[in-house]
1. Cβ-Cβ distance below 9 Å, separation of 6 or more or different chains: which pairs start in the range 58-70 with a residue that is within 13 Å of Phe104 (Cβ to Cβ) and free of Cβ contacts under 8 Å to residues at least 60 places away in the same chain and end on one that is charged (D, E, K, R) and outside any loop (DSSP other than H, G, I, E, B)?
2. Tell me, yes or no, whether the range 90-97 has at least one residue that is touching a residue at least 40 places away in the same chain (Cβ under 8 Å), in a helix (DSSP H, G or I), among the small types (Gly, Ala, Ser) and closer than 18 Å to Leu196 by Cβ.
3. For Trp33, only one of the following conditions fails: (1) part of a helix (DSSP H, G or I); (2) crowded, with 20+ Cβ neighbours inside 10 Å; (3) not hydroxyl-bearing (Ser, Thr, Tyr). What is its number?
4. Kindly indicate the residue of the range 214-268 that is surrounded by fewer than 16 Cβ atoms within 10 Å (Cβ to Cβ) and of a type in the set (Ser, Thr, Tyr) and also farthest from Pro182 (Cα to Cα) among those meeting that condition.
5. Go over the candidates Arg70, Arg3 one by one and state the one that is among the basic types (Lys, Arg), over 26 Å from Ile119 (Cα atoms), more than 18 Å from the chain's Cα centre (by Cα) and loosely packed, with under 15 Cβ neighbours inside 10 Å.
6. Go through the range 288-303 residue by residue and tally those that are in a helix (DSSP H, G or I) and within 17 Å of Asp210 (Cβ to Cβ).
7. Listed residues Thr143, Thr100, Thr152, Thr64; which is modelled with pLDDT of 95 or more, buried (at least 18 other Cβ atoms within 10 Å of the Cβ) and of a type outside the set (A, V, I, L, M, F, W, C)?
Amino acid sequence: MERIGFGAFLSPLHPLGEDPALLLWRDLELAQWLDQLGYDELWVGEHHSAGWGTVASPELFIATAAERTRHIRLGTGVVSLPYHHPFMVASRAVQLDQLTRGRFTLGVGAGSIPSDMHILGIDPADTRRRTAESLEVIRQLLTSEEPVSARTDWFELRDARLQLRPHAATGLPMAVSSATSPFGMRLAGQYGISPLSFGIPPRPGSQIGDLVAQWRHAEESAAEHGRVIDRADWRVALSVHVSESRDRALDEIVDGWMRYRNQYWSLVGSPPVDSRRQARKVLEELIERRSVIVGSVDECVQAVRDIQEATGGFGRLLVTVQDWAEREPMKRSFELLARFVAPRFNGSVKGLTASYEWTAAAARAYANR
């Protein structure tokens, strides 16, 4: 890709023990920081159990964040469609779209936490079917002014029509999430909407090849439905931490990563790491495999280039927010990324560089006269 945009993905995932009200306020503060640094997007997830995820309604969080920010685009990452009536999803989405004057993107998915599904009495085997049924109706509600009627075994609409319309004449932007199965990518291809891939989670067996396969599914599905899907619309969420050196970066995140691995990933059966030394060794292996991006500015630039080349290219890199580092090193990482890594990919310093090189060449020519 000639240009890559940068954003952040806030599930959020926070370790147990901190006051939840303060966690929410810190996440809102982060939204303001990202806006000031010029990040393109912030995505906010939905969780209802398991302790680590503290946002039950990404729409409420986004409405608050919109009042504290000026430029950054805000998206649901994601609304779990099987948990909600599709008319309510669409209604809330267009209201946020209007409140933010077009700064909102509706990200949707099937949900990922089995305990959420259990609480709501939803069979995990039904979530993909429900997602597809819901998305079909939501697309109709958002793009057509004709009344929509539909009936399934879990929702019904009778002559449904949205009172509010999307803010922009081009409609309300949407995205579909994808992790390891082809389901989300195939939905994105079917409807020609943006895919959002949870790139290469730091778990056993993850490979860059997972992303390559994901994009292939999107392209195949788009072709089957007579649509074209653009890599520039593909968002990939990865874990990134930038510091002055790899050693310093590892020191800043190793304890938080070990806690994340031993507490959160244990919920899905990942084996624990027994010591800080072992955790650091595993992290080093993940860095070498490009499963995470950790290191100095130059090392992170090279890692992004490697992943771009290996996957064939994507349009936007979303940094997952996981509280691996303490607050100040995390904010510093986002600052270093915005100041020194992103410009290598978004073209923001091309004019300055060209002007310097031209002036330097001219100065040499004058000196030789």
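1. From the range 58-70, the pairs are Glu59/Arg92; Phe61/Asp27; Ala65/Asp27; Ala65/Asp35; Thr69/Asp35.
2. Initially, the range 90-97 is screened for residues touching a residue at least 40 places away in the same chain (Cβ under 8 Å), giving 90-91, 93-95, 97.
Now restrict to residues that are in a helix (DSSP H, G or I): 90-91, 93-95, 97.
From what's left, among the small types (Gly, Ala, Ser): 90-91, 93.
Narrowing further to those that are closer than 18 Å to Leu196 by Cβ: 93.
Checked against the condition, which is being touching a residue at least 40 places away in the same chain (Cβ under 8 Å), in a helix (DSSP H, G or I), among the small types (Gly, Ala, Ser) and closer than 18 Å to Leu196 by Cβ, the range 90-97 yields at least one hit.
3. Checking Trp33 against (1) part of a helix (DSSP H, G or I); (2) crowded, with 20+ Cβ neighbours inside 10 Å; (3) not hydroxyl-bearing (Ser, Thr, Tyr), the one that fails is (2).
4. Ser245
5. On the way: Arg3 fails: more than 18 Å from the chain's Cα centre (by Cα).
The unique qualifying residue is Arg70.
6. Going residue by residue through the range 288-303, those that are in a helix (DSSP H, G or I) are 288, 297-303.
Now narrow it down to the ones that are within 17 Å of Asp210 (Cβ to Cβ): 288, 303.
Number of matching residues: 2.
7. Values: Thr143 fails: buried (at least 18 other Cβ atoms within 10 Å of the Cβ); Thr152 fails: buried (at least 18 other Cβ atoms within 10 Å of the Cβ); Thr64 fails: buried (at least 18 other Cβ atoms within 10 Å of the Cβ).
Of the residues listed, the single one that is modelled with pLDDT of 95 or more, buried (at least 18 other Cβ atoms within 10 Å of the Cβ) and of a type outside the set (A, V, I, L, M, F, W, C) is Thr100.
To keep it simple, each residue is scored yes or no on (1) modelled with pLDDT of 95 or more; (2) aliphatic (A, V, I, L, M); (3) surrounded by fewer than 21 Cβ atoms within 10 Å (Cβ to Cβ); (4) within 27 Å of Val44 (Cα to Cα).
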residue: Glu326; (1), (2), (3), (4): yes, no, yes, yes
residue: Ser333; (1), (2), (3), (4): yes, no, no, yes
residue: Pro343; (1), (2), (3), (4): yes, no, yes, yes
residue: Ala361; (1), (2), (3), (4): no, yes, yes, no
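The values are calculated or read from the model by the stated rules, or taken from the named source; none is laboratory data. This one's a predicted model, so the numbers in the text were calculated from it and none came from an experiment. All Cβ positions, even for glycine, are placed from backbone atoms using ideal geometry, and neighbour counts span all protein chains on display.
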